[in-house]
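Each remark here refers to the structure printed beneath this line.
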């Protein structure tokens, strides 16, 4: 009996599960006459689930409302003809071409390039280079020869003197590149640098920027990755009591006296994004930051918990604490990320060549040109002089080659030959010219055909392209109908502000000075001196001796949320009681209490415009709901929910 029960339960469960599965053609809802498939909704919902911070949007019904609004806007965009605008078409085609590069790949060649990339990111190259830009193809030989002459000077002369003599910042660049690793430079430059021995200067080589020579000074193992925290005192201070170098030294004394680094970072660091985390920064690798000085100090620390001495960068003064330091990750751990980088890099040109050969085999393209003799016969010496023209009696529509369902004609290849005569070598025979160009003709067109049909052959490509297609339409529509329209509606903005100005208020604030000390007896002494009317400088001079930092002062206009203030503070003029928070003792001298006031339109204009845009968009959506009927298929919705929640 028990066995029969489980058999029946299994069958019923299987039937329910099968019936709940979404079919490819299941329509979840329609907007006007346009169907929206359940599979699309599920894909977008699952893709964005981890990115959604608002918990209400994770609810299926709430997300469905957002998705319907999205489709309503797209329906309006198409009704208004936004998809026919030349600018939209150009931008979409540009993105499509860029996206296609990720899918035009040969995996075997990609794997080899990925291994090469890992080898290169495992090292840092220190180099300097000379670049001469090309104004025209005529400059090529002259530029090459000029760089040949500069090689010896680059190797033996003082770099700064050479730079002063020939660097002009425009056509000639002489630059110290510092340390870099794989993917930090264009591929051709990277390859030459990594293949040049330390102490040597490369032969002239070409990149998209012009001709270079590069001198390699050092090749070192990658520094790996480091995680540090820092306390920064900015060079630009609004607080007149703060002198950057003096303040950082005061903080350093406190650290040496045993005070908590993280607490001091929360209280005093001017890097607000890291201060709230006790100064801790995200992990970084060598060459990743824009400050070499900061990186050098960070990587010089070796012991976890070690703290640097104060040092200066372009941004201000810093103290760094080491939290973690690890070498470069293994190849297996980095392989996936490197594959993506390789596909987006100039290395993809090498992949294309291999891919072309495989595609020619897939589309069964014959290697022999069936019209070779004919095209050899129509060439003349004019081809060497770049004056050759296509004969008028050519059979233009005669089929020459078939790729998939595309027919390429005699005229297509003749036009290809015509355009490429500018690059002909006069030493080539006509047969060689035809053969070389026929191979190039096939390679070009086989990639073009494959790329043009990617949307039909590759589901992932089609989905990503459609997301961009719709996203671009939506952006153009919103910019026209909402964002720009509201910005220009000055009267509407003013009316909205006056109707809602109670929303835009300055909180109650204080103009205050905060004293901070690690010891209660020291803060009590500050309290007594403040009550006697002593000046801040006099208090600092008395308590802070050459080798002892007892108190730090912070001043300014502060809200209750200011990090220098305790949560329980009462906004009253005068000298406060002693508070203990962030592992230190504090006392506040309130010079003036600034009452809650309504902000002027100028002070809050950006927020008002944003709020007004939201209101206009909300009303506009109601109009769209009346214009385009939305019908939800409840049976399909039930299957969607079942698939999401099971």
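Quick note: the coordinates plus some simple rules give every number you see, no bench work behind them. Here the structure is a predicted model, which means the values were calculated and not measured. Cβ: placed from backbone, ideal geometry, glycine included. Neighbour counts: every protein chain shown.
Data table
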item	result
Length added when fully stretched, residue 545-residue 531, from 0.36 nm per residue minus Cα-Cα	2.9 nm
Whole-angstrom gap from the range 542-565 to the range 377-430, using each part's C-alpha centre	81 Å
Separation of alpha-carbon centers, the range 123-156 and the range 510-530, rounded to whole Å	63 Å
Sequence-separation-based contact order of the range 117-211, relative, with Cα cut under 8 Å and 6+ spacing, percent	48 percent
Protection proxy ranking of 535-545, 204-214, 157-167 - average other beta-carbon atoms within 10 Å, highest first	204-214, 535-545, 157-167
Added length on full extension, which subtracts the Cα-Cα distance from 0.36 nm per residue, residue 152 to residue 407	86.3 nm
Calculated FRET efficiency for the pair residue 521/residue 580, C-beta based, R₀ 22 Å, to 0.05	0.95
Backbone N under 17 Å from the residue 423 label point (7 Å along Cα→Cβ), restricted to the range 188-226	206-210
Theoretical gain in end-to-end length, residue 511 to residue 237 [0.36 nm per residue, Cα-Cα removed]	97.0 nm
FRET efficiency estimate (nearest 0.05) - Cβ-Cβ, residue 39 to residue 601, R0 51 angstrom	0.60
Distance between modelled label sites at residue 502 and residue 27, nm, 7 Å Cα→Cβ extension	4.8 nm
Proxy reagent accessibility, fewest Cβ within 10 Å first, across 377, 273	273, 377
Modelled label reach - residue 557, point 7 Å along Cα→Cβ, the range 500-540 residues with backbone N closer than 12 Å	506-512
Cα convex hull of the chain - mean projected area over all directions, nm²	47.0 nm²
Separation in nanometres of the label points that stand 7 Å from Cα toward Cβ, at residue 416 and residue 622	6.1 nm
Rounded tilt (10° steps) of 430-452 against the dominant C-alpha axis of the chain	50 degrees
Residue 101 versus residue 119: modelled label distance in nm, points set 7 Å from Cα along the beta carbon direction	2.4 nm
Mean Cβ neighbour count within 10 Å, used as a protection proxy, ranking 498-507, 601-610 highest first	601-610, 498-507
Calculated SAXS-style log₁₀ I(q)/I(0) at q = 0.14, 0.21, 0.22 Å⁻¹ - the range 225-326, Debye, Cα scatterers	-0.47, -1.09, -1.20
Cβ-derived FRET efficiency at R0 41 Å, residue 91 paired with residue 594, nearest 0.05	0.25
Theoretical ellipticity at 222 nm over the chain - DSSP helices of four or more residues, -39500 (n - 2.57) apiece, nearest 500	-15500 deg cm²/dmol
Amide N of the range 305-322 lying under 20 Å from the label point, which is placed 7 angstrom from the Cα of residue 260 along Cα→Cβ	305-308, 319-322
